[in-house]
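Worksheet: one structure, shown below.
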Amino acid sequence: MLGIHLTPPCDGSPMPEAPLIRQWLLLRRLSGQRYGMTLEEMADEAGVSSRTIRRDLRAFERAGFPLVERVEEQGLKRWRLDGQSKLPELTFTFDQAASLYLGRHLMEPLAGTLFWSSSQQAFQKIRAMLGTDVLAYLDTFRAAFHQTAVGTSDYTKKADLIDQLMVGIEDQKAVFITYRSLRATEPVTYDVHPYGLAFHRGSLYLVGWAPEHDKIRHLKVDRLSDAEATLVPFHRPEDFDLQEHLAASFGIYRGDGEVRVKVRFSSTVSRYVEESNWHPSQKLTSEPDGSLTATFRLDGTREIKAWILGFGRHAEVLEPEELREEMREELAMAAAQYGQASCQTLKAPRSDQGLPIHSSNT
């Protein structure tokens, strides 16, 4: 079964305590126990102290979970979650159930995480409630919708690795990783202080401080071959916010300082650019000839450069001059690769060509 499971270290030392993972697994166990669990049973299974479990139980009560405490003979206490008598019955109209069922593919990025198996169990219950005839009818709707999966990652085989990263994030423990960057010929191993995980364009990225490099690094989880949470604590800066940290990026990578990027898009693609919010700082100005000028304030040009190249001849960098020169060199090399002397000697494309690779021709 897919999901997250915690295993104690081989040397017999206590398992690193990760509150989010531990409490999630504890909720699942209490939900599935008809007669409940004792404090000692929960502590032994989680590998933590009874005091820690008591804090977890109090947190569940404050959150409003239907926690039931039962006292047996000789004062022995057991706890369980009573989802039947305390929680209101969940009822859905047909369109609500259909929307949830048809949208289940949106949960696929959770594959390999501790929430994946529970989400799949929830969809199994919906399928059972709807019945085969209704499901067959819904399949006709499903055929009308398609989500592309170009470039998305598959984490179904990285459950243990993501488990270790979550332990480090939640308990602020250093994680010893084996990582091979895109340009490296061999993998390297070093410690990282994990701050959080970011999901970008179908892939997970680990954001954390790398003492060996003396800076925050963004590491694609796909390139991690091993991760082991240690018992070495680290202090995450109190003012660190993952969303704020990435706010100035045009995606997932950060640069070395603020830069103003100004791009002119031809009338052929101006409407396409206007349709989406590419960055919080964007300012779009429509020009009289139908073209569009877009201005961004970013902390680097690495990712926006690749994005602009996707528009081909329909995008021209106006600022900064350094990026404009990089684009000129990039396009010249591309032209030479196709046997052309320069970009200017390229034959003009037909009227149905030249649209950005980001969209279709309609």
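The values are calculated or read from the model by the stated rules, or taken from the named source; none is laboratory data. Treat the numbers as computed from the prediction; the structure is a model and nothing was measured. Neighbour counts are summed over all protein chains in view; Cβ atoms, including those assigned to glycine, are modelled from backbone coordinates with ideal geometry.
Matching residues to (1) among the charged types (D, E, K, R); (2) farther than 30 Å from residue 206 by Cβ; (3) surrounded by 15 or more Cβ atoms within 10 Å (Cβ to Cβ); (4) assigned by TED's automatic domain parsing to the domain that holds residue 215:
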| position | (1), (2), (3), (4) |
| --- | --- |
| 281 | no, no, yes, no |
| 287 | yes, yes, no, no |
| 307 | no, no, yes, no |
| 323 | no, no, yes, no |
| 327 | no, yes, yes, no |
Sole residue being closer than 26 Å to residue 297 by Cβ, in contact with a His (Cβ under 8 Å, 6 or more places away or on another chain) and not aromatic (Phe, Trp, Tyr), chosen from 263, 259, 207: 207
Select, from 317, 273, 261, the only residue that is in a strand (DSSP E or B), farther than 30 Å from residue 166 by Cβ and touching a Phe, Trp or Tyr at 6+ places or on another chain (Cβ under 6 Å). 261
Pairs, please: C-beta under 7 Å, at least 6 apart or cross-chain, first residue touching a residue at least 12 places away in the same chain (Cβ under 8 Å) and over 22 Å from residue 244 (Cβ atoms) and in region 276-291, second surrounded by 11 or more Cβ atoms within 10 Å (Cβ to Cβ) and among the hydrophobic types (A, V, I, L, M, F, W, C)? 286/292; 291/265
Determine whether residue 184 is assigned to a loop (DSSP other than H, G, I, E, B), farther than 29 Å from residue 103 by Cα and either in contact (Cβ under 8 Å) with a residue 40 or more places away in the chain or aliphatic (A, V, I, L, M) (or both). yes
Checking residue 245 against (1) over 18 Å from residue 304 (Cα atoms); (2) in a helix (DSSP H, G or I), only one condition comes out false. Which one? (1)
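Condition check ((1) within 30 Å of residue 320 (Cβ to Cβ); (2) touching a Phe, Trp or Tyr at 6+ places or on another chain (Cβ under 9 Å); (3) without any contact (Cβ under 8 Å) to a residue 60 or more places away in the chain) across all residues:
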{"residue": "166", "(1), (2), (3)": "no, no, no"}
{"residue": "188", "(1), (2), (3)": "no, yes, yes"}
{"residue": "200", "(1), (2), (3)": "yes, no, yes"}
{"residue": "214", "(1), (2), (3)": "yes, no, yes"}
{"residue": "220", "(1), (2), (3)": "yes, yes, yes"}
{"residue": "226", "(1), (2), (3)": "no, yes, no"}
Looking at region 340-353, can you tell me whether even one residue there is among the basic types (Lys, Arg) and at pLDDT 95 or above? no
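Residues checked against (1) touching a Lys or Arg at 6+ places or on another chain (Cβ under 6 Å); (2) in a strand (DSSP E or B); (3) surrounded by 14 or more Cβ atoms within 10 Å (Cβ to Cβ); (4) assigned by TED's automatic domain parsing to the domain that holds residue 276:
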| site | (1), (2), (3), (4) |
| --- | --- |
| 189 | no, yes, no, no |
| 207 | no, yes, yes, no |
| 236 | no, no, yes, no |
| 239 | no, no, no, no |
